[in-house]
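The values are calculated or read from the model by the stated rules, or taken from the named source; none is laboratory data. Here the structure is a predicted model, which means the values were calculated and not measured. As a convention, Cβ positions derive from the backbone with ideal geometry for all residues, glycine included, and neighbour counts pool all protein chains shown.
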Amino acid sequence: MSTQSHTPPAVADPVPAVASLTEKIRAECAEVDHTLAIPASVVDALRDAGVFHLLAPRAVGGAETDPLTFLRVVEEVSYADGSAGWCTMIGGSYATFGGMLPVDGAQEIFGDPATIAAGNFRPDKGVAEIIDGGYRVSGRWELASGSSHATWYIAGAMLMRDGVPLTDADGRPRMREFFLPATEARVIDTWESTGLRGTASHDYEVRESFVPEHRTLWFQEPPIESGPLYRMPPVAMFATFIGAVQLGIARHAIDAFIGLATTKVPTMAQILLADRVTAQASLGRATALVASSRSHLEGALQNLWDRVQAGQAPTVADRGGLWLAAAHAGHNAHAAVDLLYTAAGATAVYATSPLDRCLRDARTALQHVCTQEVHFELAGRLALERDALASVWGLDYRGEA
C-alpha cells in the first residue's frame, strides 16, 4: 500500500485525464499476472487523478459527478488494463456509499482524499451482533478486489441480537453494510485466478470488530445526501460500471487485433491477416458488438439519470433496464474478444499476447454476479409481469413503483 500523501486536484473532465495515463498504466501493469496486484505507482496516479472520489459527496470533498462520466472513466482505464480498470470501478463506485452513510461516517471515511474502499457487500458471509453504540462484526468474505491498496473495507452481514438472527415483518433476515479500517481485516491469499489477476481479489476476515452506527448503511434506506446521484439505485448502477470494464477490455482487444492483423502473415498464406475476409468479418462483428452495447449501456444509464435529476423515483423497470444493459454489455464484450482471439490464430495463445490477457480478463469479469446469464432471465420475468425482485435486483429496492 502506498504511503504517499495525496490531495487529488480538481479535474474538469476526468475522462481525458485518465486517457492520458493509458501508456503508463499499460506499461506498468504488464507484470500484474505475476505480481497479482496493481503497482503502487499506478494506484497513486489514479488517486491523484481523483477517480476514487468522483462519486463521493461534495459535502466531504468529493466531486459528486454524474454516473455517465464515471462509467466512461472506468471504460477508459479498463482499455489501458483490465485489472486497473476493475480496481478503479470498485474503489470509485464504493465512494457512492458516502452519500448513504451518516454524515460523521461519510466524513471519517471519504473525507480523507487518500481513501480507497474495497470489500464484498454480500450480507450472508458475516454476522453483526447489536451492542451499545453499534455492532460487533465477524465473518469471512471473498473477492476483495483492490485489497493490495485498500484503506477501508466494506462488509455485509446479517443482524443478530443475543446470538439470535433478526428478521423483518416478512420473516426475511435483516442485513446491513459495515465499514472497517483496513487494519482490522486479515487478508487471506486466495486470488489465483484465470483473469483480472492484478486485482488482488483475495478473501478477508474480520473477527469481532466494533463498528459504530455511523459507519453502517443499508441500500434500501433513504440516502443521507439529497443529490440525485444518491437517489439512483446504487447496486443496479454498480452493475453498469462492471459492464464498462468489459467494454474497455474489448476495445483493447480490437486495437490489439488490428495491430496484429496488419503485420502477421498466417501460416502457408501469401497475404496479411488483415487481407483475409474472415478476419475482416470478425473485426467488423466485434466492433459492432462493442459499439452497440456501449450505446445500450450509456443510454439506459443516461435515461434514468435524466429522470432522477428531474425528481422522479427509479422504478422496478428502471432497475431492470440497468441490469439488462450491464449483462448485455458484458456478454457482448466477451463475445467480441472471443471472435478476435479466434481470428488471430495461434499467435493469440501466448501469455505475451494482449489478446490472451483480454480474453482471460473478459471471461473472468463475466463471472461476476452483476453480468451473469441470470439477468436475461430476470429481464424476461419482468417483461412477463412476474416478480424479479426476489433476487439481487431487490437489494437496493426502496419501495418505488
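In this structure, does Ala169 turn out to be at pLDDT below 95, of a type in the set (A, V, I, L, M) and outside the structural domain of Val245 (by TED's automatic domain parsing)?
Details: at pLDDT below 95: yes; of a type in the set (A, V, I, L, M): yes; outside the structural domain of Val245 (by TED's automatic domain parsing): yes.
Yes, satisfied.
Taking the condition of being surrounded by 21 or more Cβ atoms within 10 Å (Cβ to Cβ) and either in contact (Cβ under 8 Å) with a residue 60 or more places away in the chain or in contact with a strand residue (DSSP E or B) (Cβ under 9 Å, 6 or more places away or on another chain) (or both), how many residues in the stretch 376-387 meet it? Lay out the reasoning, then the answer.
We begin by selecting, within the stretch 376-387, every residue surrounded by 21 or more Cβ atoms within 10 Å (Cβ to Cβ); these are 378.
Okay, now just the ones that are also either in contact (Cβ under 8 Å) with a residue 60 or more places away in the chain or in contact with a strand residue (DSSP E or B) (Cβ under 9 Å, 6 or more places away or on another chain) (or both), so none.
So the answer is 0.
To keep it simple, each residue is scored yes or no on (1) of a type in the set (Gly, Ala, Ser); (2) within 22 Å of the chain's Cα centre (by Cα).
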{"position": "Gln302", "(1), (2)": "no, yes"}
{"position": "Gln312", "(1), (2)": "no, no"}
{"position": "Ala325", "(1), (2)": "yes, yes"}
{"position": "His331", "(1), (2)": "no, yes"}
{"position": "Ala346", "(1), (2)": "yes, no"}
{"position": "Leu359", "(1), (2)": "no, yes"}
{"position": "Leu366", "(1), (2)": "no, yes"}
{"position": "Val369", "(1), (2)": "no, yes"}
{"position": "Phe376", "(1), (2)": "no, yes"}
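Out of Ile254, Ile242, Ile271, report the one residue that is at pLDDT 95 or above and within 17 Å of the chain's Cα centre (by Cα). Walk me through it before giving the result.
Values: Ile254 fails: within 17 Å of the chain's Cα centre (by Cα); Ile271 fails: within 17 Å of the chain's Cα centre (by Cα).
The match here is Ile242.
Can you name every residue in the stretch 355-375 that is in a helix (DSSP H, G or I) and surrounded by fewer than 18 Cβ atoms within 10 Å (Cβ to Cβ)? Lay out the reasoning, then the answer.
Within the stretch 355-375, the subset in a helix (DSSP H, G or I) is 355-366, 369-371, 374-375.
Correct list: Arg363, Val369, Val374.
If you check Ala27 against the conditions, is it at pLDDT 95 or above, within 23 Å of Gly195 (Cα to Cα) and surrounded by fewer than 16 Cβ atoms within 10 Å (Cβ to Cβ)? Working first, answer last.
Working: at pLDDT 95 or above: yes; within 23 Å of Gly195 (Cα to Cα): yes; surrounded by fewer than 16 Cβ atoms within 10 Å (Cβ to Cβ): yes.
It is true that Ala27 is at pLDDT 95 or above, within 23 Å of Gly195 (Cα to Cα) and surrounded by fewer than 16 Cβ atoms within 10 Å (Cβ to Cβ).
Find the residue count for the stretch 255-302, including only residues that are touching a helix residue (DSSP H, G or I) at 6+ places or on another chain (Cβ under 6 Å) and assigned to a loop (DSSP other than H, G, I, E, B).
Summing the residues that are touching a helix residue (DSSP H, G or I) at 6+ places or on another chain (Cβ under 6 Å) and assigned to a loop (DSSP other than H, G, I, E, B) in the stretch 255-302 gives 3.
Return the only residue of Ala326, Ala313 being in contact (Cβ under 8 Å) with a residue 60 or more places away in the chain, in contact with a Cys (Cβ under 8 Å, 6 or more places away or on another chain) and under 27 Å from Leu378 (Cα atoms).
Values: Ala313 fails: in contact with a Cys (Cβ under 8 Å, 6 or more places away or on another chain).
Step by step, each of Ala326, Ala313 is checked, and only Ala326 is in contact (Cβ under 8 Å) with a residue 60 or more places away in the chain, in contact with a Cys (Cβ under 8 Å, 6 or more places away or on another chain) and under 27 Å from Leu378 (Cα atoms).
Just name the residue that is surrounded by the most Cβ atoms within 10 Å (Cβ to Cβ) out of those in the stretch 136-147 that are in a strand (DSSP E or B) and on the phi > 0 side of the Ramachandran plot. Before the answer, list the steps.
Step one: of the stretch 136-147, the residues in a strand (DSSP E or B) are 136-144.
Subsequent filtering for residues that are on the phi > 0 side of the Ramachandran plot retains 139, 143.
Working: Gly139: 22, Leu143: 20.
Looking at residues that are in a strand (DSSP E or B) and on the phi > 0 side of the Ramachandran plot, I get Gly139.
Just to confirm my filter: which strands (runs of 3 or more DSSP E) fall fully inside the stretch 148-235 and include at least 2 residues that are surrounded by 18 or more Cβ atoms within 10 Å (Cβ to Cβ)? Write out each step before concluding.
Values: elements: 152-161, 175-181, 186-188, 202-212.
Filter on the stretch 148-235 gives 152-161, 175-181, 202-212.
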